[in-house]
Amino acid sequence: MSLLQEMLTTGQGMCTMVLSASVPAFKPVDCLGSICPSATPAQSGVLFVGLYLIALGTGGIKPCVSSFGADQFDDTDPSERAKKGSFFNWFYFFINIGSLISSTLVVWIQENVGWDIGFGIPALFMGIAIASFFSGTPLYRFQKPGGSPLTRMCQVVVASLQNRKLDVPQDTTLLYETPEKLSAIGGTRKLEHSEDLKFLDKASVLSDSDDKWRLCTVTQVEELKLLIRMIPIWATGIVFSAVYAQMATLFIEQGMVMDRRVGTFTIPAASLSTFDVISVIFWVPVYDKFLIPRVRKITGNERGFSNLQRMGIGLFISILAMVSAALVEIRRLQIAEELGLINEHVPVPLSIFWQIPQFFLVGAAEVFTFIGQLEFFYDQSPDAMRSLCSAFSLLTTSLGNYLSSLILIIVTSITTAGGKPGWIPDNLNKGRLYNFFWLLAGLSFFNLLVYVFCAIKYKQKNASASG
């Protein structure tokens, strides 16, 4: 199984990290006072091999594990279909439990006990995860491999172009499809013909040729149509991910110029992101056990909210998160002005805990949007493309980071013209960081309007009940 292979790759990466921190030949010599010898090229090589193995394995695990878990539920059984919705909630819940442990306990062990033990604990748990996953093999429901989805999509495009002079019949039942109950793609369900993107239907017009690059089944054509229809919904997730990216960037910068003291202890500004994780851990049970049963009675939907409604709620909450961050920054600058700290590069006596609401709101938005995306891309993707479409949903996170960086570059370039300090100078007490948060709130609002329009126009997947 490819998923097991990716888990083994991640495990190898973790073990390599343990070796890089424990074997004397693989780690730099200990510091002597303030003098710390540099790592040798070989030592750096071992470290980077471990990191790249972890990245490679994680890149394979993330899009596959959620799809594989959801595959264990039968879509034709109403009770199992409802449980599948809960699966995505609790799947994301336990991801955040692991994140909370790793960002608190494991980090503490790495800094206070040793990096060898700090890397050894995750490696041990990765080994337990691999053994646990492998032990359940006899119980799993496996989907037949459907071949390369990219090849099938290319075949549809090429066949449509080659058949561009052919007319699509008025009776769409005359389009080419296999007579079997299941489709020709790895035993997956057939997809019913849809009326949009009709040019692609030319790929299914019967002709003298049976070449796969000139004649495709209706299901194969509908696969490509589904992906094209999902692109606008997918694109709106990029702006949300740009908001999400602020937790690791400007939220930290904002926290650095706030009062981080609790007694004699100084809180690291980055540690406030723990409240995002706590928010997810809080909201998942509330959503799954309290909110959904009540909403289900109102909407009649077995999942309470539809996937599209759920994602829309998350996009709205992300606007509130940016508004909260902007209001905190406005108050921080008011205090800085009252105390004459505008020109001083020093923290302002406003507790960093005022940032908790914005982190908490981002966590709540995650529960609605990110989990909603997992459900949406699994449910709406063709049966043979679920892992690929799950990877697309994860792609919004990376593109959101790039978008955040691009917006920051543009804003900095415009606001620093003429020698002005700009919105986000080195000394935030002289800046207007709140304007950046207002900008993101405005972009998120516009993004929500676009999303609502796309969601209203979106045509749901129509899979054949047979099979």
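Laboratory data are not the source of any read-out in this text; all were calculated from the coordinates shown. Computed from a prediction, not measured in an experiment: that's the story for all the values here. Positions of Cβ are generated from backbone atoms using ideal geometry, with glycine treated the same way; all protein chains shown enter the neighbour counts.
Dipole size in debye (nearest 20) for region 64-205 around its Cα centre, Lys and Arg Cβ +1, Asp and Glu Cβ -1? The partial results should precede the final answer.
Numbers: 13 positive and 15 negative charges, 54 e Å.
Dipole size: approximately 260 debye.
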Those helices of the chain passing the 27 Å axial Cα length cut-off and the mean Kyte-Doolittle cut-off of 1.0 (DSSP H runs only) are 41-70, 115-135, 218-244, 386-415, 433-457
For Ser381, the net charge from surrounding residues (Cβ-Cβ under 10 Å; K, R +1; D, E -1) works out to -1
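Sum up the charges of everything whose Cβ sits under 12 Å from the Cβ of Tyr434, counting Lys and Arg as +1 and Asp and Glu as -1, but leave Tyr434 out. Before the final figure, lay out each step's value.
Numbers: positive: Arg331, Arg332, Arg432; negative: Glu329.
Result for the neighbourhood of Tyr434: +2.
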Length-normalised contact order of region 149-221, Cα under 8 Å, at least 6 apart, in percent, tallies to 48 percent
If N is the residue count of the chain, its Cα Rg over 2.2 N^0.38 Å rounds to 1.14
Checking region 26-112 for trypsin sites (Lys or Arg not before Pro) in a loop per DSSP with at most 10 other beta-carbon atoms within 10 Å yields none
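What pairs in Lys62/Lys144; Lys84/Lys144; Lys84/Lys202; Lys62/Lys84; Lys83/Lys459 have C-alpha atoms more than 26 Å from each other?
Details: Lys62/Lys144 20 Å; Lys84/Lys144 20 Å; Lys84/Lys202 36 Å; Lys62/Lys84 18 Å; Lys83/Lys459 24 Å.
Exceeds cut-off: Lys84/Lys202.
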Excluding residues fewer than 8 positions from Lys430 in its own chain, the aspartates and glutamates with Cα under 14 Å of it are Glu253, Glu329, Glu337, Glu338, Glu344
CD proxy, 222 nm, the chain: helix-only mean residue ellipticity via -39,500 (n - 2.57) per DSSP H run with n ≥ 4, per residue, nearest 500, stands at -21000 deg cm²/dmol
From the Cα centre of region 14-81 to that of region 228-251, the distance in Å is 25 Å
In nm², the average projected area of the convex hull spanned by the Cα atoms of region 149-221 is 4.6 nm²
Here the relative contact order (percent) of region 224-457, from C-alpha pairs under 8 Å and at least 6 apart, is 35 percent
Contact order relative to length for the chain, counting C-alpha pairs under 8 Å separated by 6 or more residues, stands in percent at 19 percent
